[in-house]
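> Sharing a structure below in structure tokens format, with a few things to ask.
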Amino acid sequence: MKNLRLLVVSVACLLLISSAALIGCGSKSSGKLKISSWGDLQENQILVDLINDFQKLHPDIQIELQRIPFNEYVTKLLTQIAGNVGPDVIFTEVENFSDLYLRNALEPLDPFIQNDKLDMSVYYPQVLDRFTVDKQIYVIPRDTAPICVIYYNKKAFDEAGVAYPTDDWTYEQFVSVAKKVMKTDKSGKVTRWGFVDDWVMPQPWIYDFGGSYANDVKHPTQWTFATDPNTLAGVQFRADLIFKYKIMMPPSQMAEMGGMGTSDMFVNGSTAMFLSGLWKTPSFRQIKNFQWDVVMFPKGPNGNRAFGTGGSGYGILKNSTHKKEAWELVKYISGEEGAKKLAATGLAQPALMAAANSALFLDNQDPHNKKMLLDGVKYVKYSPMCKNWSETVNSIIGPELDRVWNGSETPADAMQKLKPQLDKNPPELN
Amino acid sequence: MTEKILAAPAGQHWASKKRNEKISNTLVFVVLLIGSVTMLGPILWMLSTSLKTATEVFAIPPIWIPSPLHFENYPTAWNISGMYATEGITFTTYLINTLIIAGLSCIGTTLSSSVVAFAFARLRFPGRGPLFLLCLATLMVPAQVTMVPSFILFNALGWRDTFYPLIVPAFLGGGAYNIFLMRQFFMSIPYEMDEAAKIDGCTNFGVYYRILLPLCKPALTTVAVFSFVYNWNDFMNPLIYLDSNSKKTLALGLTNFISLYGQDYHLLMAASLLISIPIAIMFLVGQRYFIQGIATTGLK
Amino acid sequence: MTSAERKEAISAFVFLAPFLVWMVFLMGGPILAAFFLSFCKWDILNPIQFVGFDNYKTMFFDDPRFWRSMFNTAYFTLLSVPIGMVLSIIVAILMNQKVKGIEAFRTIFYLPSVMAAGVAMAVLWKWIFNADSGLLNYLLSTLTGLPMSECPKWLASEAWSKPALIIMSFWNVGSGMIIYLAGLQGIPTTLYEAAEIDGANKWQQFWTVTLPGLSPVIFFQLIISIVSSFQIFNQVYVMTDGRGGPADSTLVMVLYIYQKFKYFQMGYASALAWILFMVIMLATWVQFKYSKWVYYEGELRK
């Protein structure tokens, strides 16, 4: 009797497991082309549509799209590659491109480009250049995102009686404007900041002031962060914004804003201006009665202008076994169709110049001044390409700068402390 | 002993004792009430956020009770709709997947951890001590380092993008924590019971199945609940082992509301609350079994 | 071995079979791989390079972040475990009283443990710890009269970031409470009655009946809590956006390991994990060695 019960239970379990197996059955697909990508639902839909269109044109190629959250993209990618099931086509952005390139993960695309006689001049040269090393192209760019977009609240400016900023304003004008649009309550507590940003690295200020991180972008051999006087000037200026001019909220306070980001502060009126890229546009467009526009990041001393940028593109993994098909897919999704769809969302500036210049992008929707982005691309600077870039930024420079933004250390002292650490950990190229 | 009882002044003693008990009970009730507010507070805040629009989430001054109450956030979040739903996959898909994974793991863990624990608690074999220590040792290795080798292993078995890596380990002992827990429970039952059964001609398996297991029903329920909750909320393992959108679980589904560009907090809260409801209900209903149960056999 | 002993051993082997499969293939393999990797350099995209003790040498002599993370982890464990245990026991005792609605209370207290420490929770907690307008400082200033601006800056300050995380961990008393509750209900009431007749008051009863009776549970929870708090990761990751800030003040070991993994340094990450493993082993062994205070009523069949 007990044996019968046991039998029944084990058989039931086996049945359950096998049904789970059928439902959760893996695609024993060695023939499928795998593409993995991060991105929000809007971007993903664009990709899904593009892939569907592609399948109609190429019914012989089976495609599997893997959607991975941005924060875990690299982790998952590495795990897959370790298990030899990496995707064929990957989505990469300007920062982690160097990680993948320097570790020989990417397939050079020139042979394919030349074979198909593809005209690469249709892309912004600066953007394409990021993904080109030693004259070889590794990634076809999808979008560029100069981080030079200062969003400003028109109503705040109207209230303070200040004219809207124009693209050619300088950093000094920036400070005086920010001061005027600030609001404090009776007890002296700030209810509206002039400006906020929560970027870990103060790139725009450093670049605007002519500073640098390393002695060369594509082949850095030495960190100049702690020794370049312009870098110090940039960092000092940002610290001044917080402590001297007091127009900017201390970034340390951002840490406890309960997930409220700078854009949320902008929307609820706690700040008159903030710095970001274009990608906040779609969500702002949905807010009623919200008057806002964008202006280019102000010029630095000597009329100098430079800022960092985001941007992404598609590449092919070196150990893909379907390179030809992968190329066909990459070509299609980075082409005109995709760029047009992207332009229409307002989410990102397509790397394809024609799409960026088109009415799809430069339409009548907010922000009105978005055409400044086309100009902005000219001034972008990229991060040095070395294996330990992320680590240096996050483990060495970042923590030390945390103290500067906290007010517990001056920029000059921080640089002093950083110099020996940076010398001990030079850029790694191989 | 009896003299002491007889000597105790009756009446008066009991009356004051009853009064003290009433006071202490009320005190306890008040303390628990305050404690509950602390525990529930964040959840209520989540509820409030889930009924706001995107702009209201971070409004200043903070809005406690939004008006109108945007109940539509719940179906919106569930269907990931109005936001370019991808390939018709909604939280229903995620729910089914998670039910399969958590349910099967729960069954597997309960069965196998008790079987294994029986060996550690009741059977003598060479190397029992060291083997148990090894078992405990597996709790001490951070998952982040075994992640890649495990993935390579499961991949070699051809289990990429299947539920197997998430379910099979449950049937193989269910993990050291559960084995440890069950072992402690078995140890609390006097060995005389096993001996009695053995004298009657019971095999080891018989002792396990007919004597110990029924006595440990509450312990088993505990293991079942803990493992179900763990798998329900597990994010990392499904992330690593599942590729297709159609296989994703509820915890992964939450990432639909988080992107590189920002987070849809109102929808995220709605979804988070929704997926916690089944667990809460399970606990409320099942606590009778497992708390009382854990008790009588005692984790002793 | 006698034939009876052999029979028993074989029987044990059968019972242990699933566990052995798991240990050898699913655990043993990866753990040994991690051990082997700790002597190598591997960025996953390229072949594994054997480097001997280099990783360990760097770790001990050249890596201030390693020591930082060990300190942070130890700090967190040494504070959150004892305080957490005391709180759980107190809550469990409260939950053991015959009070109206006790079942609802138990569910309410357990609920937070069920809601995974995800982004949703992190948002809320960050607000609570907001130095200017958060709930915690508001309560602090009302209770102590300190103006809000003098209150700790919690997540924004190097000194108060760990305490903030420790406070956050107390919200999970629910899961410990369940186990202690079970233990409490397992103590025979006859023992309490006997103690009361002997003239012990409630406080004395606690020390002479409750605690000893609870000691096996306490032991179990102590071991498990220390093991798991040495490996704390999720809460720190979501509260600091993976940075362990400010200025590495909340960089705990597993977060450091995860960062190294993201920086393509699998070998070093594995070495770090092994050191952590050995520390936890040592801590557990010490606890087992000095566990005479635990009082078992049932027995391990020797």
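> Could you give the C-alpha radius of gyration of region A:227-365 expressed as a fraction of 2.2 N^0.38 Å, taking N as the number of residues it contains? Kindly include the intermediate steps, with their values, before the conclusion.
Values: Rg = 19.8 Å, N = 139, 2.2 N^0.38 = 14.3 Å.
Compared with the compact-globule rule of thumb, region A:227-365 sits at 1.38.
> Excluding residues on the same chain fewer than 8 positions from A:Lys387, give the aspartates and glutamates whose Cα lies under 13 Å from its Cα.
Hits, sequence-local ones excluded: A:Glu95, A:Asp99, A:Glu428, C:Asp43.
> Now for a separate question. Under 21 Å between alpha carbons, and skipping anything fewer than 8 positions from C:Lys289 in its own chain: which lysines qualify?
Within the straight-line cut-off, C:Lys289 pairs with B:Lys300, C:Lys302.
> I need the fraction of alpha carbon pairs in region B:42-197 separated by more than 29 Å, rounded to a whole percent. Numbers along the way, then the final one.
Numbers: 5958 of 12090 pairs.
Tail of P(r) above 29 Å: 49 percent of Cα pairs.
> Can you give me the long-range amide H partners of B:Asp243? Hydrogens built in the peptide plane at 1.01 Å from N, cutoff under 5 Å, separation of 5 or more residues or another chain.
When sequence neighbours closer than 5 places are left aside, the close amide H contacts are B:Asp161.
> Pairs A:Lys331/A:Lys381; A:Lys154/C:Lys153; A:Lys180/A:Lys299; A:Lys154/A:Lys183; A:Lys246/A:Lys419; A:Lys56/A:Lys324: which are spaced more than 22 Å apart, C-alpha to C-alpha? Spell out each step's value before the answer.
Values: A:Lys331/A:Lys381 26 Å; A:Lys154/C:Lys153 33 Å; A:Lys180/A:Lys299 19 Å; A:Lys154/A:Lys183 15 Å; A:Lys246/A:Lys419 28 Å; A:Lys56/A:Lys324 18 Å.
Violating the 22 Å Cα-Cα cut-off are A:Lys331/A:Lys381; A:Lys154/C:Lys153; A:Lys246/A:Lys419.
> I've got another one for you. So what J values fall out for region A:190-200 if you push phi through Karplus, 6.51 cos²θ - 1.76 cosθ + 1.60 with θ = phi - 60°, rounded to Hz, Gly and Pro as x?
6, 9, 9, 7, x, 7, 9, 8, 10, 6, 5
> Let me ask you something else. Using helices alone, I'd like the mean residue ellipticity at 222 nm for the protein assembly as shown: each DSSP H run of four-plus residues gives -39500 (n - 2.57), total over residue count, nearest 500. Walk me through the intermediate numbers first.
Numbers: 47 runs with 574 residues, N = 1032.
Result for the protein assembly as shown: -17500 deg cm²/dmol, rounded to the nearest 500.
> If you don't mind, there's one more thing I want to ask. Once you average over the residues of A:175-184, how many Cβ atoms of partner chains fall within 10 Å of each Cβ? Mind showing how you got there, number by number?
Numbers: counts 0, 0, 0, 0, 0, 0, 0, 0, 0, 0.
Mean shielding count: 0.
> Here is a further query. What distance in nm separates the simple spin-label points at A:Gln62 and B:Leu44, each placed 7 Å from Cα in the Cβ direction?
Output for this residue pair reads 5.5 nm.
> Still on this model: What ³J(HN,Hα) values, in whole Hz, does the Karplus curve 6.51 cos²θ - 1.76 cosθ + 1.60 give for region A:157-172 when θ = phi - 60°, with x put for Gly and Pro?
With the stated coefficients, region A:157-172 comes to 5, 4, 4, 7, x, 9, 5, 5, x, 10, 4, 9, 5, 9, 5, 6 Hz.
> Around A:Tyr207, what is the net charge, scoring Lys/Arg as +1 and Asp/Glu as -1 over all other residues with Cβ under 9 Å from its Cβ? Walk me through the numbers before you get to the answer.
On the way: positive: A:Arg305, A:Lys381; negative: A:Asp208.
Neighbourhood net charge equals +1.
> Can you give the translational diffusion coefficient of region C:229-283 in µm²/s, computed by Stokes-Einstein from the Kirkwood radius over Cα pairs at 25 °C and 0.890 mPa s?
215 µm²/s
> Another question, then. Computed over the Cα atoms of region B:181-236, what is the ratio Rg over Rh, Rh following Kirkwood?
Details: Rg = 14.7 Å, Rh = 12.7 Å.
Looking at region B:181-236, the ratio lands at 1.16.
> Report, to the nearest 10°, how far helix A:229-243 tilts away from the longest principal axis of the Cα atoms in chain A, using its own Cα long axis and a range of 0 to 90°.
Helix A:229-243 sits at roughly 80 degrees to that axis.
> Build a GNM of chain B with springs between Cα atoms under 10 Å: which of B:Ser50, B:Ser36, B:Ser150 gets the top mean-square fluctuation?
It is B:Ser36.
> Quick check on region C:162-204: take the gyration tensor over C-alpha atoms, sort the square-rooted eigenvalues as a ≥ b ≥ c, and tell me if it's rounded (a/c under 1.5), prolate or oblate. Mind dumping the intermediate values first?
Numbers: a/c = 7.37, a/b = 2.36, b/c = 3.12.
The shape class here is oblate.
> Considering only the other residues whose Cβ falls under 13 Å of the Cβ of C:Gln49, what net charge follows from Lys and Arg at +1 and Asp and Glu at -1?
Working: positive: A:Arg103, C:Lys41; negative: C:Asp43, C:Asp54.
The answer is 0.
> Taking only the C-alpha atoms, wrap a convex hull around region A:275-430 and report its volume per residue in Å³ as a whole number. Please report the intermediate quantities before stating the final value.
Numbers: hull volume 28.3 nm³, N = 156.
Measuring per residue, one finds 182 Å³ for the Cα hull of region A:275-430.
> Using the Karplus equation 6.51 cos²θ - 1.76 cosθ + 1.60 (θ = phi - 60°), what ³J(HN,Hα) coupling, rounded to whole Hz, does each residue of region A:60-74 give in order, writing x for Gly and Pro?
7, 9, 8, 10, 10, 9, 10, 9, 10, x, 3, 4, 9, 4, 5
> Here's something else I'd like to know. Pull up all non-local amide H partners of A:Asp293: gap of 5 or more, or a different chain, and H-to-H distance under 5 Å with H placed in the peptide plane.
Amide H neighbours of A:Asp293: A:Tyr152, A:Lys154.
> Shifting gears a bit: Starting from the coordinates of the alpha-carbon atoms of region C:59-111, obtain the Kirkwood hydrodynamic radius over all distinct pairs and give the value in Å to one decimal. Please list the in-between numbers first.
Working: mean 1/r = 0.0719 Å⁻¹.
So the Kirkwood estimate lands at 13.9 Å.
> Averaging the inverse of every distinct alpha carbon separation and then flipping it gives the Kirkwood radius. What is it for region B:241-282, in angstrom units?
Working: mean 1/r = 0.0876 Å⁻¹.
So the Kirkwood estimate lands at 11.4 Å.
> Counting only residues 5 or more places away or on other chains, whose amide H sits under 5 Å from the amide H of A:Ile147 once H atoms are built in the peptide plane?
Hits under the 5 Å cutoff: A:Gly308, A:Thr309, A:Gly310.
> Would you mind computing Rg(Cα) / (2.2 N^0.38 Å) for the protein assembly as shown, counting N as its residues? Walk me through the intermediate numbers first.
Numbers: Rg = 30.8 Å, N = 1032, 2.2 N^0.38 = 30.7 Å.
That ratio works out to 1.00.
> Measure out, as a whole number of angstrom, how far apart the alpha-carbon centroids of region A:314-332 and region C:172-227 sit.
About 64 Å separates the Cα centre of region A:314-332 from the one of region C:172-227.
> I would also like to ask the following. Averaging over every viewing direction, what projected area does the convex hull of the Cα atoms of chain B cover, in nm²? Walk me through the intermediate numbers first.
Numbers: hull surface 101.0 nm².
Taking a quarter of the hull surface, the average projection is 25.3 nm².
> A further question on this structure: Please average, across the residues of A:38-44, the number of beta carbons from any other chain that are within 10 Å of each residue's own beta carbon, and give a whole number. If you can, show how the numbers build up before the last one.
On the way: counts 3, 3, 11, 10, 4, 4, 7.
For this peptide, the per-residue mean of nearby foreign Cβ atoms is 6.
> Over all directions, how big on average is the projection of the convex hull of the alpha-carbon atoms in chain A, in square nanometres?
Details: hull surface 112.2 nm².
Approximately 28.1 nm², given one-decimal rounding.
> Could you tell me the center-to-center distance, by alpha carbons, between region A:178-246 and region C:83-124 in angstrom?
So the two Cα centres are separated by 45 Å.
> Another question, then. Among all the aspartates and glutamates, which ones have a C-alpha under 12 Å from A:Lys417's C-alpha, if same-chain residues fewer than 8 places away are not counted?
A:Glu400, A:Glu409
> Could you grab the Rg to Rh ratio for chain C? Cα atoms only, Kirkwood for Rh.
Details: Rg = 23.6 Å, Rh = 22.8 Å.
Rounded to two decimals, Rg over Rh is 1.04.
> Averaged over C:29-36, how many beta carbons belonging to a partner chain fall within 10 Å of each residue's beta carbon?
Values: counts 5, 12, 9, 1, 7, 8, 2, 1.
What the average comes to for C:29-36 is 6.
> Report, as a whole number in µm² per second, the diffusion coefficient that Stokes-Einstein gives for region C:1-114 at 20 °C and 1.002 mPa s using the Kirkwood radius over alpha carbon pairs. Display every interim value, and only then the final one.
Numbers: Rh = 20.3 Å.
Result for D is 105 µm²/s.
Any read-out appearing in this document is the output of simple, stated calculations on the displayed coordinates, not a laboratory observation. Since the model is a prediction, treat every value here as computed from it, not as a measurement. So basically every Cβ, Gly included, is an ideal-geometry build from the backbone, and we count neighbours across all protein chains shown.
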